[in-house]
1. Would you list which aspartates and glutamates come within 13 Å of residue 6, measuring only between C-alpha atoms, while excluding same-chain residues fewer than 8 positions from it?
2. Using the Cβ atoms and a cut-off under 10 Å, what net charge is assigned to the surroundings of residue 122, where Lys and Arg are +1 and Asp and Glu are -1?
3. So for the stretch 1-126: antiparallel DSSP bridges make up what percent, rounded to the nearest 5?
4. Beta carbons within 10 angstrom, averaged per residue: use that to sort the peptides 105-113, 147-155, highest first.
5. If the only charges are +1 at each Lys and Arg Cβ and -1 at each Asp and Glu Cβ, what is the size of the charge dipole of the stretch 5-145 around the Cα centre, to the nearest 20 debye?
6. What does the charge count near residue 85 come to, summing +1 for each Lys or Arg and -1 for each Asp or Glu among other residues with Cβ under 9 Å from its Cβ?
7. Suppose R0 equals 25 Å; then what is the FRET efficiency for residue 4 and residue 36 from their Cβ-Cβ distance, rounded to the nearest 0.05?
8. What FRET efficiency comes out for residue 14 versus residue 146 if R0 is 25 angstrom and r is the Cβ-Cβ distance? Round to the nearest 0.05.
Amino acid sequence: MNPSVKIFSGTGSQHVATKIAQRFGAPLGKINIQKFSDGEFQPMFMESIRGDYVFLIQSTCSPSDNLMELLLMIDAARRASAYKIIVVMPYYGYARQDRKDKPRVAIGSKLIANLLVAAGANRIITMDLHAPQIQGYFDIPVDHLDSSAILYLTLNNLNFKTLLLPPPMWEVPIGYAKLPAILVQKWLFAISIANVPTKLQAWW
């Protein structure tokens, strides 16, 4: 029997997961995230995934329950005899903690990579990592997608002469500081980088 493709979503990424499933041409798989009174939760697949390619879509942004939920989903899929478990993480949480830049600190992005692999993931799909070298933390294949081409099309349709990109913090993150230069080199945008108040950070 040839393996089929099944797509499931965690509670933190249902909107984008629905869009992905629609584009793929299949409904989202049925999964129940049972929550208990003490704050624990338990994912349970409501259909057979034995021998299937299983795509689990979940960002690991705040709250940290999203990460734990994803790990439990991976473990449940592995124990349900999925053929391959592909984790789709539109947002890779803790990616900024990619090196030991101070004494006595954790390297969070490496720890997350270890947890995903230990849980049973066979492949990771993510995008716009804070640092591309994070892919090297994994001993499994990683597909690192770049959203700049889509961003360009959107911005180009708006016909801006000057583009103001507010960084998410008062200081421009090193990873994203490269993005304006890429846009200028490839598409000749006139770009200004400005520090903006916290209330405008959601624009980024």
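1. Within the straight-line cut-off, residue 6 pairs with 47, 52.
2. On the way: positive: 78, 84, 123; negative: none.
With Lys, Arg at +1 and Asp, Glu at -1, the neighbours total +3.
3. Working: 5 of 19 bridges.
Taking every DSSP beta bridge within the stretch 1-126, about 25 percent pair in antiparallel fashion.
4. On the way: 105-113: 16.4, 147-155: 12.3.
By packing density, highest mean first, the sequence is 105-113, 147-155.
5. Working: 16 positive and 12 negative charges, 40 e Å.
Taking the Cα centre of the stretch 5-145 as origin, the dipole is about 200 debye.
6. Values: positive: 78, 84, 123; negative: none.
Neighbour charge sum, excluding residue 85 itself: +3.
7. On the way: r = 32 Å, r/R0 = 1.27.
Given R0 = 25 Å and the Cβ-Cβ separation, E is 0.20.
8. Working: r = 24 Å, r/R0 = 0.97.
For R0 = 25 Å, the calculated efficiency reads 0.55.
Values quoted throughout were computed directly from the atomic coordinates according to the rules given, and no laboratory measurement underlies them. What you are looking at is a predicted structure, and each value in this text was computed from that prediction instead of being measured. No Cβ is skipped: glycine too gets one built from the backbone with ideal geometry, and neighbour counts run over all protein chains shown.
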